[in-house]
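Student: Sending over a structure as structure tokens; questions will come in a sec.
The values are calculated or read from the model by the stated rules, or taken from the named source; none is laboratory data. Not measured: the values here are computed from a predicted model. Counting neighbours? That spans all protein chains shown, and the Cβs are built from the backbone with ideal geometry, glycine included. Each accessible area value is taken on the protein alone, full model and side chains, heavy atoms only, with ligands, DNA and RNA left out. Shrake-Rupley method; radii C 1.70, N 1.55, O 1.52, S 1.80 Å.
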Amino acid sequence: MPQITQEEDFPGGLKARTAERAVLDKTRYTNPTVREREWEKIWSRCWLFAGLVSDIPGAGDYFLYELGPESVVVLRDEDGNVGAFYNVCQHRGNRIFSGSPGWVKQVACPYHGWRYHLDGSLAEVPDADRFCPAITAQERSLKTVRVEVWAGLVWLNFDPGAEPLADYLGPIVSRLEPYRFENMLLAKHQTVALDANWKTVRDNFLEQYHVDFIHPQHAGFVDCCNSINTLWPMGHSATVVEGFVTNSRYRVPEEVPEPLRPFLESLGLDPAAFSGRVPEIRAAVQQRKREVGDLLGHDYSPLSDAQLSDVWQYDIFPNTFMTINPEELWIFGPRPHPTDHEKCFLDKFTLQIPAETGCDEAKGLSLHPALCVSRDAERPEHESFTRDDVLAGKHSLTITIDQDIEYLPDMQAGMRSRGFDRAVLNADEVRVQHFHDWVDAWCADD
Ligand code: FES
Ligand SMILES: [Fe+2]
């Protein structure tokens with residue numbers, strides 16, 4: 001069975017498919033003038049995932065979100081409100097905050113000592129009587145950025161007139177709510193610097209055509225050739241692949257494939273018992289997860305059986321994509337480089353259900369073999385590294401993502417060649433096409 005693609009329009013008549021089909025000319029990845037248009041038309045108008053509300057639990061807690069030429073501080077005030085401000089002093093434009101996440105009692109610019117309240121309003125100007133006319137808080141408070149919190153995730157929008165986040169996300173909100181991301185804990189926070197345009201990264205994660213070739217291990221635990229794709233307006237999309245199965249292109253193995261064994265063992269299932277019964281594993285895991293969840297105190301009831309076993313990926317335009325297992329969530333986002341169109345920074349946030357309800361060492365049970373974060377653990381350090389560090393084995397974003405990262409700069413370099421003009425896509429690369437159709441729709445003249 002080949003991949004299936006379905007379209008879901010938004011209420012109010014907004015269509016998933018745009019009228020035009022984009023031609024994927026290489027210039028969209030390599031031409032620096034594209035960067036400026038994307039900055040004005042996409043990054044300045046779309047909702048952007050910026051970080052976790054769990055990083056700012058108390059008054060004065062903040063984190064920074066750096067995107068292209070901008071730096072934004074997300075800050076909690078004394079009343080518990082989350083605010084977002086351009087990280088720019090309103091005296092002469094100095095960047096105020098550095099280092100993230102952090103805590104401040106009051107916002108203070110290190111250059112000439114202007115101070116702001118935690119809600120961004122101007123508090124104090126040294127030698128205020130030397131300014132003529134007088135400085136007012138109304139005129140010189142920190143400049144705000146739109147901010148919304150949903151499912152424990154902080155979203156920003158540089159456009160003060162942008163629609164609410166829920167309208168932008170449409171049905172994705174109700175689809176994701178059963179996972180209760182807000183109850184998950186940060187297990188890893190990583191950023192890798194890549195010599196690739198941000199869309200080169202997006203393309204890679206929008207298709208599974210490459211999986212058999214650069215991720216051969218996947219044949220032993222997911223069936224990517226039968227994925228189901230959904231296209232939404234705005235440029236959002238999703239794909240789901242069955243998990244705890246083997247690749248339907250190949251003969252079903254007699255024994256349980258190696259990658260599945262730790263998952264079965266952690267649930268207290270004996271891999272040997274599935275000898276000759278590999279196609280039965282998916283249903284057995286769905287049932288067993290509910291039993292072990294009840295035993296450990298983790299509630300799976302909001303999730304369907306398919307959500308217990310399968311891997312769902314949601315792509316939220318322009319740059320957020322989530323790989324979702326019920327016990328572990330990966331949130332990715334390539335952020336454009338401030339000046340170089342052919343570079344970006346790829347963030348990965350790994351969130352997990354708490355170890356307190358996810359595993360029980362005494363019983364030898366775990367809902368997922370990688371669960372490791374307890375509720376009272378320190379926040380993991382933010383790891384920043386390069387592709388070379390990944391290749392040298394100094395850092396890893398998991399085997400699969402490391403394999404992608406190895407190829408991305410080669411894609412970028414190849415597209416720059418005079419020997420290449422434009423990409424050609426097949427039906428299984430439909431989400432790549434959809435993404436670029438919407439890049440063009442957002443970038444079109446108003
Ligand atoms: S630039 Fe911030 S106080 Fe002068
Ligand atoms: Fe990949």
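Student: Test each condition in (1) surrounded by fewer than 19 Cβ atoms within 10 Å (Cβ to Cβ); (2) more than 14 Å from ligand 2 (Cβ to nearest atom) for residue 234 and report the one that comes out false.
Tutor: (1)
Student: So residue 104 ticks every box in (1) more than 14 Å from ligand 1 (Cβ to nearest atom); (2) in contact with a Ser or Thr (Cβ under 9 Å, 6 or more places away or on another chain) but one. Which box is left unticked?
Tutor: So the condition that residue 104 fails would be (2).
Student: Any residue in region 90-113 that's under 11 Å from residue 60 (Cα atoms): show its pairings with residues that are open to solvent by 40 Å² or more (accessible area, probe 1.4 Å) and more than 8 Å from ligand 1 (Cβ to nearest atom) at Cβ separation under 6 Å, as long as the two are six or more apart or on different chains.
Tutor: 106/115
Student: Please work out if residue 164 is of a type outside the set (A, V, I, L, M, F, W, C) and under 23 Å from residue 68 (Cβ atoms).
Tutor: no
Student: Across region 387-411, what is the number of residues that are more than 15 Å from ligand 2 (Cβ to nearest atom) and in contact with a Lys or Arg (Cβ under 9 Å, 6 or more places away or on another chain)?
Tutor: The qualifying residues number 1.
Student: For residues in region 217-227 being surrounded by fewer than 20 Cβ atoms within 10 Å (Cβ to Cβ) and in a helix (DSSP H, G or I), which is modelled with the lowest pLDDT?
Tutor: This residue is 220.
Student: A follow-up question, please. Mind listing whichever residues of region 187-216 are of a type outside the set (S, T, N, Q), part of a loop (DSSP other than H, G, I, E, B) and open to solvent by less than 10 Å² (accessible area, probe 1.4 Å)?
Tutor: 196, 206, 215
Student: Just give me the residues in region 409-446 being under 15 Å from residue 229 (Cβ atoms) and not in a helix (DSSP H, G or I), in sequence order.
Tutor: 425, 426
Student: From 111, 62, 86, which residue is among the hydroxyl-bearing types (Ser, Thr, Tyr), assigned by TED's automatic domain parsing to the domain that holds residue 141 and touching a Cys at 6+ places or on another chain (Cβ under 8 Å)?
Tutor: Answer to the selection: 111.
Student: Considering only region 107-129, state which residues are more than 10 Å from ligand 1 (Cβ to nearest atom), out of contact with any strand residue (DSSP E or B) (no Cβ under 7 Å at 6 or more places or on another chain) and under 26 Å from residue 52 (Cα atoms).
Tutor: Scanning region 107-129 gives a single hit, 121.
Student: Residues that are crowded, with 17+ Cβ neighbours inside 10 Å: list the strands (runs of 3 or more DSSP E) wholly contained in region 67-186 that include at least 2 such residues.
Tutor: 70-76, 82-86, 146-150, 153-157
Student: To continue, here is another question. Return yes when residue 381 is among the acidic types (Asp, Glu), more than 20 Å from the chain's Cα centre (by Cα), more than 16 Å from ligand 2 (Cβ to nearest atom) and open to solvent by 80 Å² or more (accessible area, probe 1.4 Å) and no when it is not.
Tutor: no
Student: Among the residues of region 5-30, which ones are open to solvent by less than 50 Å² (accessible area, probe 1.4 Å) and in a loop (DSSP other than H, G, I, E, B)?
Tutor: Scanning region 5-30 gives 16, 18, 22, 24, 26.
Student: With respect to residue 428, is the statement that it is within 16 Å of ligand 2 (Cβ to nearest atom), in contact with a Phe, Trp or Tyr (Cβ under 6 Å, 6 or more places away or on another chain) and assigned by TED's automatic domain parsing to the domain that holds residue 328 true?
Tutor: yes
Student: Take the conditions within 24 Å of residue 217 (Cβ to Cβ), at pLDDT below 95 and surrounded by 18 or more Cβ atoms within 10 Å (Cβ to Cβ) and apply them to residue 329. Does it pass?
Tutor: No.
Student: Give just the number: which of (1) within 16 Å of ligand 2 (Cβ to nearest atom); (2) under 30 Å from residue 300 (Cα atoms); (3) of a type in the set (D, E, K, R) does residue 361 not satisfy?
Tutor: (1)
Student: In region 65-101, which residues are within 14 Å of ligand 1 (Cβ to nearest atom) and touching a helix residue (DSSP H, G or I) at 6+ places or on another chain (Cβ under 7 Å)?
Tutor: Listed by number, the list holds a single entry, 90.
One line per residue, one yes/no per condition, for (1) under 24 Å from the mean Cα position of the chain (by Cα); (2) on the phi > 0 side of the Ramachandran plot; (3) at pLDDT 95 or above:
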site	(1), (2), (3)
22	no, no, no
29	yes, no, yes
45	yes, no, yes
55	yes, no, yes
74	yes, no, yes
106	no, no, yes
110	no, no, yes
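Student: Provide a single number: the residues in region 401-436 that are surrounded by fewer than 13 Cβ atoms within 10 Å (Cβ to Cβ) and closer than 30 Å to residue 19 by Cβ.
Tutor: Count: 6.
Student: If a residue has to be within 24 Å of the chain's Cα centre (by Cα) and either not assigned by TED's automatic domain parsing to the domain that holds residue 432 or not acidic (Asp, Glu) (or both) to count, how many in region 219-262 make the cut?
Tutor: Number of matching residues: 22.
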